[in-house]
Amino acid sequence: MKRIIATTNAPGAVGPYSQAVEANGFLFISGQIPLIPGTTDIPEGITAQTRQVMENIGGILRAAGYDYADVLKCTCLLSDMENFKAMNEVYGTYFPANPPARAAFGVVKLPLGVLVEIEAIASKE
């Protein structure tokens, strides 16, 4: 059985997908871009954008009853791999101990011209 997670503490889904889905003890968080919830505003620069993405993920985690320590795996998409180091520095502050597994990819383009998108998988078990 799956449970759909929806919260105003992260940008709403703008297509046929859910912010997150919980099933079989796992929480699957859709790729988050750096939209400020409730607005169409996007922070400037990779540092601020990464922070906003991680805050959006945090809003979804909390809405589902999880926290950052429950994250098992993240996938990071960057529009320019030159931003990897700066993204990594911000990302790391959200996982100070026992960080999740991760993959990072450079992609040609991301929605709304943002610099970073991150998806996550979490579990409490």
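Side notes on the structure shown:
- Distance between the modelled labels on residue 98 and residue 41, one decimal in nanometres: 3.6 nm (7 Å Cα→Cβ projection).
- Rel. contact order, % - alpha carbon contacts under 8 angstrom, at least six apart, the chain: 31
- Mean Cβ neighbour count within 10 Å, used as a protection proxy, ranking 76-82, 12-18 highest first: 76-82, 12-18
- Angle of helix 84-93 to the longest C-alpha principal axis of the chain, folded into 0 to 90 degrees and rounded to 10: 40°.
- The chain: angle of helix 46-64 to the longest principal axis, Cα-based, in degrees nearest 10: 10
- Of the residues 32, 105, 120, the one whose Cα sits farthest towards the positive end of the charge dipole of the chain is 120 (charges of +1 on Lys and Arg Cβ, -1 on Asp and Glu Cβ, taken about the Cα centre).
- When each of the peptides 34-42, 96-104, 61-69 is scored by how many other beta carbons lie within 10 Å of its residues on average, the order from highest to lowest is 61-69, 34-42, 96-104.
- Difference of contour (0.36 nm per residue) and Cα-Cα distance, residue 124 to residue 105: 4.2 nm
Here, each number is a calculation from the coordinates, and none is a lab measurement. Please read these numbers as outputs of a predicted model, since none were measured by experiment. Please note: Cβ atoms are built from the backbone with ideal geometry, for glycine as well, and neighbour counts cover all protein chains shown.
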